[in-house]
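The next block holds one structure in the form of structure tokens; read it before the comments.
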């Protein structure tokens with residue numbers, strides 16, 4: 001594996017904060033989204049890039065609706081690792097469990113980033129069933145809180 005370039009795929013349920021996470025890492029990132037009742041939602045992919053420790057990091061965000069499973073499959077081809085973004089203001093959902101189970105079985109390095117931890121309704125403990133021994137930092141993608149540090153630590157642990 002060429003460690004100078006890494007493809008990291010960002011997974012998570014609808015409105016978990018995947019696009020916001022990528023924007024926090026790369027403010028010039030690109031997004032294919034539509035307006036869904038006043039809320040923009042990814043229907044194709046998000047793409048961002050950055051350089052960390054002389055490595056080019058390419059971030060590919062996937063749509064969070066279950067009907068876009070085929071898109072997640074296409075985007076995840078050739079990935080080096082994955083990050084699951086979880087909305088800690090809501091209960092653990094089936095899609096997040098499904099994604100974590102699939103990543104665990106795949107053998108790819110992955111982490112569960114516990115998002116929206118700055119919100120008063122946040123309860124990261126709701127995600128204990130999928131975090132286990134997986135690296136699971138608390139972040140705030142909208143505010144940019146701990147996003148870059150969490151990504152750097154994920155990369156240091158696995159690459």
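The values are calculated or read from the model by the stated rules, or taken from the named source; none is laboratory data. Computed from a predicted model, the values in this text were never measured in an experiment. Counting neighbours? That spans all protein chains shown, and the Cβs are built from the backbone with ideal geometry, glycine included.
Screening the stretch 133-159 for residues that are part of a loop (DSSP other than H, G, I, E, B) and out of contact with any helix residue (DSSP H, G or I) (no Cβ under 9 Å at 6 or more places or on another chain) and picking the one that is surrounded by the fewest Cβ atoms within 10 Å (Cβ to Cβ) gives 133. Within the stretch 115-132, the set of residues being free of Cβ contacts under 8 Å to residues at least 60 places away in the same chain and either in a loop (DSSP other than H, G, I, E, B) or under 24 Å from residue 53 (Cβ atoms) (or both) comprises 117, 118, 119, 120, 121, 122, 123, 132.
Is it true that residue 103 is more than 17 Å from residue 149 (Cα to Cα) and assigned to a helix (DSSP H, G or I)? Spell out how you get there, then give the answer.
Details: more than 17 Å from residue 149 (Cα to Cα): yes; assigned to a helix (DSSP H, G or I): yes.
Considered against the rule, which asks whether it is more than 17 Å from residue 149 (Cα to Cα) and assigned to a helix (DSSP H, G or I), residue 103 comes out as yes.
State all residues of the stretch 35-60 that are part of a strand (DSSP E or B), loosely packed, with under 12 Cβ neighbours inside 10 Å and at pLDDT 80 or above; if no residue qualifies, say none. Hit for the stretch 35-60 is 51, nothing else.
All conditions in (1) surrounded by fewer than 17 Cβ atoms within 10 Å (Cβ to Cβ); (2) touching a helix residue (DSSP H, G or I) at 6+ places or on another chain (Cβ under 7 Å); (3) more than 15 Å from residue 11 (Cα to Cα) hold for residue 117, with the sole exception of (1). One residue stands out in the stretch 61-102 among those that are within 23 Å of residue 28 (Cβ to Cβ) and surrounded by 22 or more Cβ atoms within 10 Å (Cβ to Cβ): the one that is farthest from the chain's Cα centre (by Cα), namely 75.
Filtering the stretch 2-18 to residues that are part of a loop (DSSP other than H, G, I, E, B) and in contact with a strand residue (DSSP E or B) (Cβ under 6 Å, 6 or more places away or on another chain) leaves 4, 12, 16, 17.
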